[in-house]
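Written out below as structure tokens is the structure these notes cover.
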Amino acid sequence: MRIIFLGTPSFAVPVLQALAAHHEVMLVVSQPDRPRGRGKQLMPTPVKAAAGELGLPVFQPTRIRDEEAMAVLRGAGAQVMITAAYGQILSQEVLDIAPLGVMNVHASLLPAYRGAAPVPWAVIHGERETGVTIMQTARGVDTGDILAQAACEIGDDDTAGSLLERLADMAAGPLLAVLEQAQRGELRPAPQDESLASHAPMLSKQDGWLDFSQSARQVRRRFMGLTPEPGVRLGIGGVILRVAACRVLAGESIPGRLAVVEGALCVGCADGWLALDEVVPAGKGAMKGTDYARGLRQTPEWADGYGDETRSDI
């Protein structure tokens, strides 16, 4: 089958590789390259890099809905377009370009967690299961008919990053099966149940402040859900630290209170302690939480989960 593939991050790479192995990928569309890292060097998107290794043509329009971009898409002569975390909203004119329309690979079991960050929010909310959905793209946000789904368990030690990698690897199977059905004219789209819909909005750095009025497990789930990006932070002694590793310890505590428990620097939560096993001070590398506390001239009594450096007790 002749395909146009649209994707940008690492999540989309295994899908592209599977499509290239089984179908004719006419064109790969990805977001424009953007500066990254401390040197702010212009870096190719993961999908662009993968397409280069596969010898596939790449197109990176600033706006996919512009007439010039749509002319390129029409000229590819594809039967279907496949999207996987592309990053731009497709207009109805774009959706209508290919005879079989657009199929999207979404990292949740729709209608749960529609939106830009389904995996982090599933981890943050303590879900025990998630998966991938192959859907027929419609005008709404992840509202189109379901073509196939595959589920997987969310483990206690899954971060958003590790879970997303697993979902990326398992997405190709159901997608290839759907394309086989499409070739035979045997697609059976199933409408989503709107009563079961939930949403997963894009995350920002502001979502990374820890709330110690929550249970220790809830705080740790936020850490796991925001790892590797955008990460979680707290303030100790007026300095903002990024948390690199943490775990839950039982015991009576006061939310926000700092203490050494079982040899670890801990912050009190509503029902126990969050052990700060590794922290990253601004401009420095990761270090053990106890080593960081030992280097302070005066150990503060409180941690701040909201970035408020004006508090008198930190």
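Since every read-out is calculated from the coordinates, none of them should be taken as a lab result. Since the structure is predicted, the reported quantities are computational estimates derived from the model, not experimental observations. Cβ sites come from the backbone with ideal geometry, for glycine too, and all protein chains shown count toward neighbours.
Kindly identify segment 1-86 as rounded, prolate or oblate by the Cα gyration tensor criterion: order the square roots of the eigenvalues as a ≥ b ≥ c, call it rounded if a/c is under 1.5, otherwise compare a/b with b/c, prolate if a/b is larger, else oblate. Kindly include the intermediate steps, with their values, before the conclusion.
Details: a/c = 2.27, a/b = 1.32, b/c = 1.72.
In terms of gyration-tensor shape, oblate.
Calculate, axis by axis, the spread of Cα positions in the chain along the three principal axes, and write the results as whole Å, longest axis first.
68, 44, 30 Å, listed from the longest principal axis down.
Among the lysines, which fall within straight-line cross-link reach of residue 40, defined as a Cα-Cα distance under 27 Å, with same-chain neighbours fewer than 8 residues apart omitted?
Residue 40 reaches 48, 205, 284.
Quick check on the exposure proxy: order 288, 48 from fewest to most C-beta atoms within 10 angstrom. Intermediate values should be presented prior to the final figure.
Numbers: 288 16, 48 21.
So the residues, fewest neighbours to most, are 288, 48.
Using 0.36 nm per residue, how much length does the chain from residue 270 to residue 180 gain when fully extended, once their Cα-Cα distance is taken away?
On the way: separation 90, 0.36 × 90 = 32.40 nm, distance 5.18 nm.
Value of the extension gain: 27.2 nm.
Got a sec? How would 58, 102 order by Cβ neighbour count within 10 Å, fewest to most?
In increasing order of surrounding Cβ atoms, one gets 58, 102.
Roughly speaking, what is the stretch gain from residue 254 to residue 53, that is 0.36 nm per residue apart minus the C-alpha to C-alpha distance, in nm to one decimal?
Extra length from residue 254 to residue 53 when fully extended: 67.0 nm.
Counting each DSSP H run of 4 or more residues in the chain as -39500 (n - 2.57), what helix-only mean residue ellipticity at 222 nm follows after dividing by all residues, to the nearest 500 deg cm²/dmol? It would help to have the intermediate numbers written out before the result.
Numbers: 8 runs with 80 residues, N = 314.
Per the formula, -7500 deg cm²/dmol.
May I ask you to list the GluC sites (Glu not before Pro) in segment 151-217 that are in a DSSP loop and have at most 15 other Cβ atoms within 10 Å of their Cβ?
Working: sites: 153, 165, 180, 186, 194; in loops: 186.
Qualifying residues, ordered by number: 186.
How big is the shadow of the Cα convex hull of segment 205-304, averaged over all directions, in nm²? Could the numbers behind the result be given before it?
Working: hull surface 22.3 nm².
If you wrap the Cα atoms of segment 205-304 in a convex hull and average its projections, you get 5.6 nm².
Which order results if 222, 114, 139 are arranged by neighbouring Cβ count within 10 Å, fewest first? Before the final figure, lay out each step's value.
Working: 222 23, 114 20, 139 11.
In order of increasing Cβ crowding within 10 Å: 139, 114, 222.
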